[in-house]
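Working notes, structure below.
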Amino acid sequence: MLSTYLLLIVILFILLTSLIPQYVLSWQLEFRKKNLEMSCREIGQEIDYYLHNYDAALYSTYFDNVTQQYSKSIDSRIMIYDKFGRILSDSNNQFKFRNINLEEINSSLDGNVYWNEYYFNDIGNVMYISVPVKYENEVNGGIFISNSINDLYGNLEDINNTIRMIVLIEGILIIIGIILISNHFLRPINKFYPVISKLSNGEFGDKVDVKSNDEFKVLANSFNSMSVKLNEVELQRKEFVGNVSHELKTPLSSIKLLSESLLLQDEVEEDVYREFLMDINNEVDRLNRIVTELLALVDMDKKQLVLDYQPAYLNYLIEKIIEQLKPLADQKHIRLNFFEDDSIQINIDKGKIKQALINIVHNAIKYTRDGGKVDIRVYREKDFAIVSIKDTGVGISEDNLQYIFDRFYRADKARSRNTGGTGLGLSISKQIVNLHHGTISVRSKLDEGTEFYISLPIV
Ligand SMILES: Nc1ncnc2c1ncn2[C@@H]1O[C@H](COP(=O)(O)OP(=O)(O)O)[C@@H](O)[C@H]1O
Ligand SMILES: [Mg+2]
């Protein structure tokens, strides 16, 4: 960035120092020429009649007076010449009555103004100008002025020096400014490097401390919350992998233990074989459940997951679920009641919502003692369909309540394991409801019962 600006400054410097003085000089030369031309015309007006009727004996002194006088007032050499280019008067008294063959004088006899700039080693820069003098439209001669323009070139030097000075000071100020500005920008940026390199090494959670109160602060804030979020995700990932390994390891160890104890015994009775194999079979079922549910979760984690939305009657869907789970409830003498306050048609992925509701109703039956009841209610609240599932079961303690939607979380490990729970059901349900832009909430009291609310947007 700095080098680009420096290059720009150098280019600007060259442009300014070369163009501006050049322009100022040509403007001043033009101005000087106009002034000299005006003086010529003034003199011309004084002498045009006498030049027309020129008589050396009569007018020579008069012409000399005129050239002397103007020469003093405009500080120039002035000559008057006739229509043959012969000098009639020279303020320097050098060329009187001679023909000096000056280009400007000769050319002016065609009636136009001629001027030029010369440089002489001894006197420097000089401007020559010749203006014809007419009388009744006839060129009778002209006025020649030679004027030193050293002052203009002197000005030029001054201007150049001033510009150089200005550009130099400006350049220094700009460079200082650039250094200050880039410092201002680089300091906060430099604070990001160590944290970013930690992030790329897998160390999440570090924060950038930016003191300023500008865009960098905003950037740092969102960077920090990203870092914290990454850390959380990383912790969850580690915990999840730990949980999965543990959950898979437990049934595997049981299977290993059961099969080994069978293999190591010489003679085993058929009953024992049967019992052990049944246990092994149960553990395999459990492994299968865990893997199936994990796959369902992984499937829903996919960003590009597309739901198969279809219009469905929520009431009908719940009736189906009740039908499916009734044998289980009957086994435990649990009454399954369905209250249909509204009949609700809704756009959902039927298969997924059914799975979500089954998990919750299944839990309600599972975690309710024999002879209890489960009430399922469906109703509409504004633009939302609400399904509530209320049981008279064991309830969930306040400490546990906040974790029940977490993967592999089980409030009562022993009981849950006996009932075949994996701790994945509720997290799957929550995931499905969230995918439908709905919410799921729970209220519970230990030993009294639990109530789940699923709310799904109807439109
Ligand atoms: N209706 C309920 N009554 C009491 N506890 C429940 C109920 N539903 C869920 N829970 C608790 O929440 C935990 C997580 O539920 P879930 O994810 O379905 O796993 P699980 O496979 O154990 O059923 C359960 O282990 C249980 O402790
Ligand atoms: Mg469950």
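Numbers at a glance
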{"item": "Amide H partners (placed H, <5 Å) of Ile100, local residues excluded", "result": "Ile87"}
{"item": "In the range 70-149, the GluC sites (Glu not before Pro) that fall in loop regions by DSSP, at most 12 other Cβ within 10 Å", "result": "Glu136"}
{"item": "Euclidean distance between Cα centres, the range 1-49 to the range 56-105, Å", "result": "30 Å"}
{"item": "Alpha-carbon spread of the range 2-156, three principal axes, descending order, Å", "result": "78, 32, 25"}
{"item": "Cut-off under 5 Å, modelled amide H: who pairs with Ile149 long-range", "result": "Asn125, Val126, Met127"}
{"item": "Calculated diffusion of the range 103-257, Stokes-Einstein form, Kirkwood radius summed over Cα pairs, 10 °C and 1.306 mPa s, µm²/s", "result": "64 µm²/s"}
{"item": "At R0 = 22 Å, FRET efficiency that the Cβ-Cβ distance of Leu16 and Glu117 yields, to 0.05", "result": "0.35"}
{"item": "Probe 1.4 Å, protein heavy atoms only - accessible area per residue of the chain in square angstrom", "result": "60 Å²"}
{"item": "Whole-Hz ³J(HN,Hα) from phi, Karplus 6.51 cos²θ - 1.76 cosθ + 1.60, for the range 315-332, glycine and proline x", "result": "4, 5, 4, 5, 4, 4, 5, 4, 4, 5, 9, 4, x, 5, 5, 4, 3, 9"}
{"item": "At 1.002 mPa s and 20 °C, Stokes diffusion of the range 310-457 via Kirkwood alpha-carbon radius, µm² per second", "result": "140 µm²/s"}
{"item": "Mean shadow area of the chain over all directions, Cα convex hull, nm²", "result": "47.5 nm²"}
{"item": "Distance between modelled label sites at Asn347 and Asp209, nm, 7 Å Cα→Cβ extension", "result": "5.2 nm"}
{"item": "In sequence order, calculated HN-Hα J values of the range 97-109 (Karplus, 6.51, -1.76, 1.60; Hz; x Gly/Pro)", "result": "6, 10, 9, 9, 6, 7, 3, 5, 5, 4, 5, 5, 6"}
{"item": "Positive-pole candidate from Gly177, Thr450, Ile428, dipole of the chain, charges at beta carbon", "result": "Thr450"}
{"item": "Cross-link pairs beyond the 29 Å C-alpha cut-off, checked among Lys238/Lys445; Lys320/Lys366; Lys350/Lys445; Lys320/Lys373; Lys33/Lys83", "result": "Lys238/Lys445; Lys350/Lys445"}
{"item": "Trypsin sites (Lys or Arg not before Pro) within the range 198-266, DSSP loop, no more than 16 other Cβ atoms inside 10 Å", "result": "Lys207, Lys211"}
{"item": "Computed FRET value (nearest 0.05) for Leu264 with Tyr193, which takes r as the C-beta separation and R₀ as 56 Å", "result": "0.35"}
{"item": "Förster-model FRET efficiency, 60 Å R0, Asn53 and Trp27, C-beta, rounded to 0.05", "result": "0.90"}
{"item": "Mean Cα-pair separation over length for the range 300-459, i.e. relative contact order, pairs under 8 Å, 6 or more apart, %", "result": "24 percent"}
{"item": "Charge sum, other residues only, whose C-beta stays under 14 Å from Phe216's C-beta, Lys/Arg counted +1 and Asp/Glu -1", "result": "+2"}
{"item": "Percentage relative contact order, the range 215-301, counting C-alpha pairs under 8 Å, at least six apart", "result": "30 percent"}
{"item": "Neighbour-limited loop hits for GluC sites (Glu not before Pro), the range 389-459 (at most 12 other Cβ within 10 Å; DSSP other than H, G, I, E, B)", "result": "Glu448"}
{"item": "Equivalent ellipsoid dimensions for the range 215-301 as semi-axes, Å, which come from the Cα gyration tensor, largest first", "result": "48, 13, 5"}
{"item": "Net charge of neighbours whose Cβ lies under 15 Å from the Cβ of Met165, counting Lys and Arg as +1 and Asp and Glu as -1", "result": "-2"}
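The values are calculated or read from the model by the stated rules, or taken from the named source; none is laboratory data. Bear in mind the structure is a predicted one, so any value in this text is a computation, not a measurement. Cβ sites come from the backbone with ideal geometry, for glycine too, and all protein chains shown count toward neighbours. Quick note on the areas: whole protein, heavy atoms, side chains included, nothing else; ligands and nucleic acids left out. Shrake-Rupley method; radii C 1.70, N 1.55, O 1.52, S 1.80 Å.
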